[in-house]
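Peer 1: Shown below is the structure under consideration.
Read the figures in this text as sums done on the coordinates, not as results from a lab. A quick note: this is a predicted structure, and the numbers were derived from the prediction, not measured. Positions of Cβ are backbone-derived with ideal geometry, glycine not excepted, and every protein chain shown enters the neighbour counts.
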Amino acid sequence: MSADAKTQILERLHGALADHPQAPEVPRGYRHTSELSREEIVDMLEDRLVDYKANVFRETTQTVADRIATQLGASARYVIPEGLDTALLPEETAARRAIVDPNDGRKASALTVRDLNRVDAVVTSSTVSCAQTGTIFLSGRPDEGRRAITLVPDHHICIVPLDTVVELIPEAMSRVEPTAPTTMISGPSATSDIELERVEGVHGPRTLDVILLG
Amino acid sequence: MSVTSLGMPAVRPVHGQGNLHAQVAFPKAAKKELQNEQMRANIRHATHTIRHKRAGVVGEVPDWSELRDAGSAIKETVMAHLPELLEQFEQNVVAQGGVVHWARDADEANAIVTRLVQEQDTTDVIKVKSMATQEIGLDEHLAEHGITATETDLAELIVQLGRDKPSHILVPAIHKNREEIREIFSREMPGVTDELTSEPRVLAEAARQHLREKFLTSKVAISGANFGIADTGTLSVVESEGNGRMCLTLPETLITVMGIEKLLPTYQDLEVFFQLLPRSSTGERMNPYTSLWTGVTPGDGPKNFHVVLLDNGRSAVLSDPKGRSALHCIRCSACLNVCPVYEHAGGHSYGSTYPGPIGAILSPQLTGITSEKNASLPYASSLCGACYQVCPVKINIPDILVHLRDEDIRTQHGQRVDQSAPAPASQDPAVGGQDDWREEKSLTQDEGRGGQDTSPREGSLQQLGSRARRAGRRVREAVPSRGLPTQMDAMMKGASFVMSSGQRMAMAERGLPLGRVVAGRDHAIGWLPGVVGGWTDERNVPEPPRESFRNWWKKHEGETAERLERDGVSGAEDPVSADDAAARHSAATGGSPADGPGDDEPGAGPDAVAGAASESTGDPERDNIERGEGRQQNGGRA
């Protein structure tokens with residue numbers, strides 16, 4: 001049945017194209033490379049993220065752990081992907097500890113969705129960020145983890161190393177592995193479905209803290 | 001479903017089925033919707049808000065026109081190579097552990113999805129907002145098989161709980177305000193208390209709690225797709241709330257239904273569409289969440305992935321070189337938000353899953369213009385061109401509307417033998433149409449001359465609603481049956497005969513004083529007979545002038561030259577001489593520049609109508625608009 005349907009659809013399409021339309025040359029005259037300075041690009045990213053109601057902090061490797069501690073609060077159970085550099089994290093206390101996810105949902109030590117629904121936060125790194133649109137790309141790399149860990153917890157603390165910030169979408173896309181499971185995040189989840197009034201926080205994490213690290 | 005294979009490339013186009021057919025033709029449906037004041041107020045607020053947001057974020061992109069050019073060319077490439085790209089896409093999905101299914105029509109797609117759900121041994125599925133599944137009526141089909149599909153997008157949830165129909169591509173519950181939504185939630189959501197207020201924040205929180213458990217426990221999710229990438233097998237869903245991510249990530253099995261036109265050739269092409277879509281759609285620089293996935297990623301996300309490639313009439317759209325660019329649509333809904341007809345008539349008037357200007361060209365092509373109820377859709381436009389101006393992939397909607405009107409007339413005249421398989425309930429469009437439109441006429445007669453008697457706002461509104469109606473009706477009245485000359489035909493032929501000769505035109509002009517007598521003291525003609533009576537149904541015809549311009553010109557043509565001579569301007573090269581030459585030429589040939597169209601094509605009635613309409617959206621005018629927009633963008637950049 002399926003093969004029949006395929007054959008028939010392709011036959012229809014070939015018939016529909018009996019006039020042999022010529023594909024045009026795709027003009028790619030849009031911008032591919034930023035002309036802004038590094039500072040301008042990072043400023044733009046911060047501006048756009050704040051516009052989306054994300055919290056943005058500029059930290060160094062010396063200050064990042066304290067910042068994460070502050071954002072987590074004194075009492076927090078939070079998830080980190082296996083590949084995240086633990087030197088960036090605050091010291092463990094009795095009330096504040098990290099739970100490592102093995103980045104593979106099939107492993108016994110992987111957190112279930114129920115586990116993820118109970119933790120307070122998740123801390124990850126990111127692949128690349130686009131300043132023009134205020135978009136952070138996660139592509140499942142070892143320090144970003146599988147998709148569920150940045151989705152189910154209600155608070156996402158995302159580290160954006162400054163050398164991963166670019167201005168334009170084409171620049172950002174070129175740094176992502178096409179077949180990797182990818183999530184592009186531009187602020188916390190939001191809806192405008194009721195009278196177009198924007199409400200931040202629906203099903204995805206309702207708090208997004210972005211740490212610009214460098 | 002038979003295909004005659006004669007070794008020729010011509011396969012009969014097969015039209016789509018499902019929620020593409022209007023139950024009621026646009027003119028009648030619009031009349032009803034126009035009376036819903038609340039809905040109109042909601043839609044006005046929403047479309048104006050999004051329209052302004054869009055203009056703002058588009059204005060800040062300096063290379064917007066280059067992006068549109070690229071987007072348009074990429075989509076044209078997709079259409080030219082669709083069969084090859086689909087096969088490439090299939091290969092890549094399969095290589096990454098996915099399963100590809102092909103569905104010729106809505107029934108086949110529904111059957112495939114139902115079987116896949118049943119194989120997972122569940123009766124509950126969660127869904128991401130998807131136009132394709134709505135087009136094929138998947139939720140209803142699943143319900144018939146004992147499967148409950150829960151819509152997880154907030155607006156779709158509101159529509160589903162309210163047993164309503166979506167009215168806008170992007171914000172399906174645009175026609176409901178917060179009070180109405182609160183009422184639906186407190187009635188339909190288990191566990192909701194009286195404390196539920198109509199604050200959007202509170203309502204969104206109620207939806208979060210209502211759906212949370214479903215996200216965490218559902219085994220199967222169903223989605224649509226915004227883009228499918230041929231060279232990688234990647235799929236993408238663009239969303240805001242995170243319900244998409246939930247559905248695409250947490251269940252064991254993911255089933256994606258994608259129209260075959262949603263392909264892009266390369267992953268690189270996404271860099272264009274991720275810029276065009278959000279700004280055109282929600283008026284945001286970027287939507288909060290975009291997901292990309294390729295087949296199955298072991299240890300991350302669903303274990304089973306199926307994609308159903310849906311034709312359902314798309315191949316029929318592709319078969320018309322003049323109309324196929326309707327398939328370029330990326331469902332941004334920018335054209336809805338700028339359309340004066342949509343703003344007043346609302347999404348429900350269009351009947352189909354696809355409302356607004358894009359719906360007016362897509363639905364009748366998917367079902368075939370012989371589908372009587374949809375045949376009125378191409379008239380649901382004032383041809384103002386705003387839709388084309390905002391379209392991120394530059395679909396020339398006005399041109400296609402005019403083309404489809406022409407197709408409709410030809411079909412009605414029996415001049416065009418429809419090559420396609422007949423759509424349901426449209427075996428004899430001419431006959432079916434008559435009843436329908438006669439009924440419509442009685443409705444409009446009730447209305448009397450309301451267009452003039454009401455307030456200015458109401459007046460313009462009435463005109464909008466009725467202009468499309470009347471245009472369609474008049475055309476239809478003019479073609480009661482196939483092939484026979486009609487009132488309209490006779491009129492057009494007559495006009496052609498008179499206007500193609502200066503002498504005949506001059507004779508006709510002698511009748512002008514008669515019109516002045518008819519107009520009487522109020523200097524207006526309020527009633528005209530027959531098919532032209534449609535005009536006077538809603539407005540008066542001003543009394544004709546005392547004499548024709550040609551007669552006036554004959555008496556006065558010397559005066560300009562005399563005046564210039566007085567002013568001391570002369571010489572063979574000046575414009576006056578050129579004018580004189582033109583006038584002399586006209587006099588010699590019996591025509592004059594003021595004679596109106598010298599259409600010498602006999603029997604060109606409907607064509608002439610279409611042609612005239614086409615001129616009103618001519619390219620120079622649109623180019624001006626586009627240049628205007630370009631200036632605005634440059635200004636916005638600073």
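Peer 1: Which value at 222 nm does chain A reach when only helices count, each DSSP H run of 4 or more adding -39,500 (n - 2.57), with the total divided by all residues and rounded to the nearest 500 deg cm²/dmol?
Peer 2: -6500 deg cm²/dmol
Peer 1: Can you give the extra length, in nm with one decimal, that the chain gains between A:GLU197 and A:GLN22 once fully stretched, where that is 0.36 nm per residue apart less the Cα-Cα distance?
Peer 2: 58.5 nm is the gain from fully extending A:GLU197 to A:GLN22.
Peer 1: Using label points projected 7 Å from each Cα along Cα→Cβ, tell me how many nm separate B:THR197 and A:ALA69, to one decimal.
Peer 2: About 3.8 nm, to one decimal.
Peer 1: Please give the net charge around B:THR152, taking every other residue with its beta carbon less than 14 angstrom from that of B:THR152, where Lys and Arg add +1 and Asp and Glu add -1.
Peer 2: -3
Peer 1: Please give the average number of partner chain Cβ atoms lying within 10 Å of the Cβ of each residue in B:101-109, rounded to a whole number.
Peer 2: Per residue, the average neighbour count from other chains is 3.
Peer 1: OK, next. Please report B:LYS262, B:LYS53 as a ranked list, fewest other C-beta atoms within 10 angstrom at the top and most at the bottom.
Peer 2: B:LYS53, B:LYS262
Peer 1: Classify region B:264-408 as rounded, prolate or oblate, taking a ≥ b ≥ c as the square roots of the eigenvalues of its Cα gyration tensor: rounded when a/c is under 1.5, otherwise prolate if a/b is larger than b/c and oblate if not.
Peer 2: prolate
Peer 1: Sort A:LEU212, B:LEU248, B:LEU336 by Cβ crowding within 10 Å, fewest neighbours at the top.
Peer 2: A:LEU212, B:LEU248, B:LEU336
Peer 1: With the Cα gyration tensor of region A:36-213 giving a ≥ b ≥ c as the square roots of its eigenvalues, does the rule (a/c under 1.5 for rounded; else a/b larger than b/c for prolate; else oblate) give rounded, prolate or oblate?
Peer 2: Rounded, since a/c falls under 1.5.
Peer 1: Here's another thing I want to ask about it. Evaluate the distance, in nm, between pseudo-label points positioned 7 Å from the Cα of B:ASP567 and of A:GLN62 along their respective Cα→Cβ axes.
Peer 2: Taking the simple label geometry, B:ASP567 and A:GLN62 are separated by 8.1 nm.
Peer 1: Restricting to DSSP loop positions (anything but H, G, I, E, B) with no more than 11 other Cβ atoms inside 10 Å of their own Cβ, which trypsin sites (Lys or Arg not before Pro) remain in region B:138-182?
Peer 2: Sites meeting the loop and neighbour criteria: B:ARG163.
Peer 1: Continuing with the same structure: Hey, fewest Cβ within 10 Å first, where do B:HIS141, A:HIS203, A:HIS20, B:HIS175 land in order?
Peer 2: A:HIS20, B:HIS141, B:HIS175, A:HIS203
Peer 1: Hey, which of these cross-link pairs are over 31 Å Cα-Cα: B:LYS176/B:LYS303; A:LYS6/B:LYS75; B:LYS32/B:LYS129?
Peer 2: Beyond 31 Å: B:LYS176/B:LYS303.
Peer 1: Which loop trypsin sites (Lys or Arg not before Pro) in region A:1-47, with loop taken from DSSP, have no more than 10 other Cβ atoms within 10 angstrom of their Cβ?
Peer 2: Of the trypsin sites (Lys or Arg not before Pro), not one in the loops of region A:1-47 has a Cβ with at most 10 other Cβ atoms within 10 Å.
Peer 1: Going by the alpha-carbon gyration tensor, a ≥ b ≥ c the square roots of its eigenvalues, is region B:260-323 rounded (a/c under 1.5) or, if a/c is not under 1.5, prolate (a/b greater than b/c) versus oblate?
Peer 2: oblate
Peer 1: What FRET efficiency comes out for B:ASP124 versus A:ASP163 if R0 is 45 angstrom and r is the Cβ-Cβ distance? Round to the nearest 0.05.
Peer 2: 0.50
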